């Protein structure tokens, strides 16, 4: 494997990002995303890529939810690279972009509570988030029985 670095996602990354997300979804680490969703939100994504351009080994997206709120979503790292700090670096890239955009409240819906607590997120009741946040939930296979944990960081 080549040297790894973080960068904004590019159109040629979509198939690899999709495969990575589907693998993590099968393990119930996150919810699946369709190709349509990935193409529509490609600009939201950062990827962990090989400098040679041969592979994508991680991803994370920052999606603007409202005028003062963004969401961290679709965080995935190849199994052989987990526990090496790449997930945190992907989230930090998204948080940095949030600040650049003037967004100082960032939430996530996750199954990985401890990971996000370590980064400074705190658990909140889902009802504390604006209803706009739940627009994607209609398409979720777990709707309306959501078992994800809502977490928030205020910077």
*Could you please tell me which pairs satisfy a Cβ distance under 7 Å, a separation of 6+ or placement on different chains, a first residue in region 113-124 that is within 15 Å of residue 93 (Cβ to Cβ), and a second residue that is in a helix (DSSP H, G or I)?*
119/88; 119/91
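The rows are residues; the columns are (1) part of a strand (DSSP E or B); (2) loosely packed, with under 14 Cβ neighbours inside 10 Å; (3) at negative phi; (4) modelled with pLDDT under 95.
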{"position": "49", "(1), (2), (3), (4)": "yes, no, yes, no"}
{"position": "54", "(1), (2), (3), (4)": "no, yes, yes, yes"}
{"position": "89", "(1), (2), (3), (4)": "no, no, yes, no"}
{"position": "132", "(1), (2), (3), (4)": "no, yes, yes, yes"}
{"position": "141", "(1), (2), (3), (4)": "no, yes, yes, yes"}
{"position": "150", "(1), (2), (3), (4)": "yes, no, yes, yes"}
*Residue by residue through region 87-105, note down the ones that are more than 19 Å from residue 8 (Cα to Cα) and touching a helix residue (DSSP H, G or I) at 6+ places or on another chain (Cβ under 8 Å).*
104
*Residue check for residue 84: under 21 Å from residue 8 (Cα atoms) and buried (at least 16 other Cβ atoms within 10 Å of the Cβ)*: no
*Got a number for residues in region 91-124 being in a loop (DSSP other than H, G, I, E, B) and more than 24 Å from residue 26 (Cβ to Cβ)?*
8
*Condition test on residue 65, is it surrounded by 19 or more Cβ atoms within 10 Å (Cβ to Cβ) and without any contact (Cβ under 8 Å) to a residue 40 or more places away in the chain?*
no
*Go through region 1-31 and give me each residue that's touching a residue at least 60 places away in the same chain (Cβ under 8 Å), in a loop (DSSP other than H, G, I, E, B) and more than 11 Å from residue 76 (Cα to Cα).*
28
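The values are calculated or read from the model by the stated rules, or taken from the named source; none is laboratory data. Worth saying up front: this structure is predicted, and the values here are computed from it rather than measured. For neighbour counting, all protein chains shown are included, and Cβ atoms are generated from backbone atoms with ideal geometry for every residue, glycine included.
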